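The values are calculated or read from the model by the stated rules, or taken from the named source; none is laboratory data. This structure is a prediction, so every number in the text was calculated from the model and none was measured. Note that each Cβ is placed from the backbone with ideal geometry, even for glycine, and that neighbours are counted across all protein chains shown. In case anyone asks, the SASA skips ligands and DNA or RNA and just uses the protein heavy atoms, side chains included. Shrake-Rupley method; radii C 1.70, N 1.55, O 1.52, S 1.80 Å.
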2 protein chains.
Amino acid sequence: MIASIAERCIDKGLKMTGPRKVIAKALSQSDDHPNADTLFQRVQALDASVSLATVYRTLKLFEERDIIAKLDFGDGRSRFEQAPREHHDHLIDVQTGEVIEFQNDKIEQLQKEIATELGYELTDHRLELFGRKIEGK
Amino acid sequence: MIASIAERCIDKGLKMTGPRKVIAKALSQSDDHPNADTLFQRVQALDASVSLATVYRTLKLFEERDIIAKLDFGDGRSRFEQAPREHHDHLIDVQTGEVIEFQNDKIEQLQKEIATELGYELTDHRLELFGRKIEGK
DNA sequence: ATAGATGCAAATTGTTTGCGGAACT
DNA sequence: AGTTCCGCAAACAATTTGCATCTAT
């Protein structure tokens, strides 16, 4: 296990207020990729007094501090996950919406090479695969 | 050159109305990746009577019919391009916002393999690289 | 003739913000 | 005490939609 979100907040000098603790906890307990609204519901289950505005503000804050990562699966809302311990990309099941994380060094390497060839230093990237489950698998 | 957008619309049995012709033309003339609003301005330059709502409706229609592709570079608005003659991905210059298209068979192949390994048939994917121009290149 | 398209304005959706009060250091 | 944070409601930006009216087929 890695440093909890709460610990990482403290490391970065953020005030750990009640709402932030709750949001950090809700994030820690999520091993999927909730959007703001879904996360808000989970937060509310822990403490109904926390507002949606604070969820948004806190998500933005955490993201700026690289405590969490903001994702975009093309459905118009942002999704969030704990700042990945290890970098990974996502495969989205087009039928169920299920999200599978994967990691592949070859593809990471290849991306770097492509950027270099084009005269760029790769600063970031986004890769999402969309697929249909193969029967019998 | 490939079939024009207008031709592809007719192929697919779409009514070619005035506004659609104008939007198709504006798209054809764009070799960048305009968002809806930018495209709307280009459309207006050709025919000021076309409304933004129609631009949105038509973009959605064209996209559903695979006549154009909708892209997302993470700035909160969708961007569009003619359905690519050849598939390609994008590298976005983080400093200028410039978008460079590239194509790389190895990475395409690798993505398919990854999906297969995970038990999926790849139906689509999205890859965006973000980079900083290397000095002197 | 008729199904489908359009313009306009109003509605939705996801997200951000101004403000007065509350909380952490 | 002072700065930062919070909840609430209002504000925003991008996109969609209801409706009465046109238009391509």
- Which distances, in nm and shortest first, link the A:Glu86 label point to the same label point in every other copy, taking 7 Å along Cα→Cβ? 3.5
- Measuring from the lowest to the highest alpha carbon on each principal axis, how far does the protein assembly as shown reach, largest first, in angstroms? 58, 52, 42
- Message: Students often forget the sequence filter, so: which lysines lie under 16 Å Cα-Cα from B:Lys12 once same-chain residues fewer than 8 apart are removed?
- Response: B:Lys21, B:Lys60
- Message: For A:Glu117, place a label point 7 Å from Cα along the Cα-to-Cβ direction in every copy; what are the distances to the other copies, in nm, shortest first?
- Response: 2.1
- To the nearest Å, what is the center-to-center distance of region B:103-130 and region A:33-64, using C-alpha atoms only? 32
- By average Cβ neighbour count within 10 Å, what is the ranking of A:95-102, A:124-131 from highest down? A:124-131, A:95-102
- Item | Shortest-first nm distances, A:Leu52 label point to equivalent points in other copies (7 Å, Cα→Cβ) | 2.2
- Task: Counting only C-alpha contacts under 8 Å and six or more residues apart, can you give the relative contact order of region A:15-132 as a whole percent?
- Result: 21
- Message: For A:Ser49, what accessible surface area do you get with a 1.4 Å probe? Give it in Å², rounded to 10.
- Response: 100
- Item | Distance between modelled label sites at B:Gln41 and A:Val99, nm, 7 Å Cα→Cβ extension | 3.3
- Give me a single rounded figure for B:108-117: the average over its residues of other chain Cβ atoms within 10 Å of their Cβ. 4
- Write out the trypsin sites (Lys or Arg not before Pro) in region B:1-65 meeting two conditions: DSSP loop, and at most 16 other Cβ atoms within 10 Å of their Cβ. B:Lys12, B:Lys15, B:Arg65
- Query: Which Rg and Dmax, in Å, describe the Cα atoms of region A:89-131?
  - Reply: 12.7, 39
- Task: Only helical DSSP H runs with n ≥ 4 go in: add -39500 (n - 2.57) per run for chain B, normalise by residue count and round the 222 nm mean residue ellipticity to 500 deg cm²/dmol.
- Result: -12500 deg cm²/dmol
- Task: Could you work out, for chain B, what percent of all Cα-Cα pairs fall into each 10 Å distance bin, beginning at 0 Å and stopping at the bin that holds the largest distance?
- Result: 10, 36, 32, 17, 4, 0
- Note on the structure: Probe 1.4 Å, all chains present, heavy atoms only: B:Tyr56 accessible area in Å², nearest 10, is 130
- Whole-number percent relative contact order across region B:5-82, with pairs defined as alpha carbons under 8 Å at least 6 apart: 33
- Note on the structure: In chain B the accessible area split gives carbon plus sulfur, as whole percent at 1.4 Å, a share of 46
- Message: For the rotation taking chain B to chain A, which residue of B has the Cβ nearest the axis, and how many Å away is it?
- Response: B:Leu127, 2
- Can you give the accessible area per residue of the protein assembly as shown, in Å², using a 1.4 Å probe? 56
- Anchor A:Lys106: lysines whose Cα lies under 16 Å away (excluding residues fewer than 8 positions away in-chain): B:Lys106, B:Lys112
